[in-house]
Structure formats: C-alpha cells, structure tokens
Amino acid sequence: MTDIAENLQRVRQRIAEACAAAGRDPATVRLLAVSKTFGIDAILAAQAAGQHEFGENYVQEALAKQAALGARSAALCWHYIGPIQSNKTRDIAEHFAWVHGVDRLKIAERLSAQRPSSLAPLNVCVQVNISGETSKSGCTPQEVPALCAAVARLPQLKLRGLMAVPAPAGDHEDPRMPFHALHELFTALRQEHHEADTLSAGMSDDLEAAIMEGSTLVRIGTAIFGSRPRKLDGVP
Ligand SMILES: *Cc1c(COP(=O)(O)O)cnc(C)c1O
C-alpha cells in the first residue's frame, strides 16, 4: 500500500471512531482530501484508494492539475476552499462543483451569473468567521441569515450550508468549544433552509472535535498527503 492509501485508511478510521463517540452514522460525514501544493501523482494515488472528492485553495494551481489529469479529472469532484477574489469567480464557476468560501453577496452574484447553464448549480457553503478574528475571511455570524437567503435565491447556486476555520482551542479549553457556536448557527440555518445539509468544518488536527459538534464534511490535507512545503502555505 502507498503511504497515501495508508494515511487515508487511518483518517477514515479516525472519522469512524469520532462518529461512534458522537453516536453518529459515519455515512453522515464526508471526507474532502485537500490536495493543495501536491501534484497529480498524489491525487491519483488517493483516487486509487477510493477517494473522489478533492479540495484546492489556489485557482491557477487547481486548473493546472485538472488540465494535467485530462479526462480523468471528470471522475473527480472538485471543491474550491480558498479565499475568493472577484477576478477568479469565472474560473471557479466553470471548473468546480463546490465552493466553500463565499462570504459576501457580490461574490455569490458573480458566481451565479458566471456558472455555465450546461452545468448543475454550483454547491455553496457560506464561510463564517466564527471566532471573530480580524485576519480571517468569512462573514460575521449576524450576516449569515441574509447571505444564505440570497445564495438560496440565486438561480445557478445551490445553498448547501456553512463552512468555517475556527481558531484552535487554547491549551486548557475544550477542543469542541470553537465548533460549538458554529453548530448552533448551522442548526438555526436549517430551520429556514431544509436543503442546507452541509457543515464544512474540521481539519487534520481537529476533525474529532468538529465531528462531535455536527460537522458533515471534514477537509483533510496533512493527515492524507503529509506536510506541505511551508513557503506555499497561505499564498493566494
Ligand atoms: C489547507 C486547508 C485545509 C487542510 O488543512 P490540514 O490541516 O492540512 O488538514 C482545510 N481547510 C482549508 C480551508 C485549508 O486551507
């Protein structure tokens, strides 16, 4: 078995154990493999091990990989999880099935207008800055209802739920705490939007805490592909 296949198996096991601890069906948590900074060999190794959903942060990098994969790219489900600049919305609308970082109306409107009518509506998770960090992208919790209502009305978008990257819990804090407020926001959203079925939360270091607090989609990079070259981290 390749390292990637072994890592994937370990991550699936962690998800299964977290679901057991939370009394949840493991089928309610999907695994997104975050392949940013890794090449198509890594993606193909993960695919051979049964992984079909991939997350990318940088538009140009993702498009280059899709082109290199050629026809094999169509068998995969691509999620855009990075920050969204206005001048990148067309590429995102044309080349991804999901987008997780929508945090303002203008971006949502552009994505809907630019989504080709030949494709199914783009699946959208609205990003919320749940920890109130000034440096993070994401709308405020107060903005969630109006932004989600707008996304739900746009013809070429499909509201799927919320996404967040909460600040990690402090050393003496409950690791679930950062995800708790997010879970409450998601539960409230579902009262208004029954179609919202996705809470995109949890990464390599905190997937257990996220699953305990209702995450339905974990975004996992390092635990599957290994550590990333530091210099690429955070480059838009
Ligand atoms: C890079 C990234 C991940 C994956 O993080 P790991 O800690 O490597 O699992 C998840 N979500 C977002 C938004 C990311 O940018």
| field | the chain - charge dipole about Cα centre, Lys and Arg +1 at Cβ, Asp and Glu -1, debye rounded to 20 | value | 780
| Spin-label zone in region 45-62 - amide nitrogen under 17 Å from a point set 7 Å from the Cα of Ala120 along the C-beta vector | 52-55
| message | Tell me the relative contact order for region 147-236 as a rounded percent, counting alpha carbon contacts under 8 Å between residues six or more apart. | response | 23
| task | Treating only the Cβ atoms of Lys and Arg (+1) and Asp and Glu (-1) as charged, compute the dipole magnitude of region 1-86 about its Cα centre; round to the nearest 20 debye. | result | 120
| field | Listed peptides 112-120, 204-212, 145-153 by packing density, highest first (mean Cβ within 10 Å) | value | 204-212, 145-153, 112-120
| Shape of region 76-120 from its Cα gyration tensor (a ≥ b ≥ c, root eigenvalues): rounded if a/c is under 1.5, otherwise prolate when a/b > b/c, or oblate? | oblate
| query | What share of the DSSP beta bridges in region 1-135 is antiparallel, in percent to the nearest 5? | reply | 0
| request: Write down the accessible area per residue of the chain in Å², having rolled a 1.4 Å probe over the full set of protein chains. | output: 47
| query | Using 7 Å Cα-to-Cβ label points, what is the Glu133/Asp171 separation (nm, one decimal)? | reply | 1.9
| note | For the chain, the charge dipole (Cβ of Lys, Arg +1; Cβ of Asp, Glu -1; about the Cα centre) points to a positive end, and the Cα of Ala93, Ala20, Leu105 closest to that extreme belongs to Ala93
| Calculated [θ] (222 nm, deg cm²/dmol) that DSSP helices of n ≥ 4 give over the chain, each run adding -39,500 (n - 2.57) | -11500 deg cm²/dmol
| remark: Residue span Gln191 to Asp41: 0.36 nm per residue of separation minus Cα-Cα distance leaves a gain in nm of 49.7 nm
| Where the only charges are on Cβ atoms (+1 Lys, Arg; -1 Asp, Glu), what is the dipole of region 136-236 about its Cα centre, to the nearest 20 debye? | 560
| query | If you average 1/r over all unlike Cα pairs in region 55-205 and invert the result, what Kirkwood radius do you get in angstrom? | reply | 15.9
| Relative contact order for region 32-180 using alpha-carbon pairs under 8 Å, separation at least 6, rounded to a whole percent? | 17
| message | How would region 157-236 be classified by its alpha-carbon gyration tensor: rounded, prolate or oblate, with rounded meaning a/c under 1.5 and the a/b versus b/c comparison settling the rest? | response | oblate
| task | Using only the Cα atoms of region 1-47, build the gyration tensor, take square roots of its eigenvalues as a ≥ b ≥ c, and label the shape rounded, prolate or oblate: rounded if a/c is under 1.5, else prolate if a/b is larger than b/c, else oblate. | result | prolate
| Quick one: Cα convex hull volume of region 8-140, Å³ per residue? | 136
| said: Cross-link candidates for Lys65: which lysines have Cα within less than 20 Å, leaving aside residues fewer than 8 places away along the same chain? | reply: Lys36, Lys88, Lys231
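The values are calculated or read from the model by the stated rules, or taken from the named source; none is laboratory data. Because the structure is a prediction, the values reported are computed rather than measured. When we count neighbours, we look across all protein chains shown, and the Cβ atoms used for this are built from the backbone with ideal geometry, even at glycine. Protein only, heavy atoms only, side chains kept; ligands, DNA and RNA dropped before computing areas. Shrake-Rupley method; radii C 1.70, N 1.55, O 1.52, S 1.80 Å.
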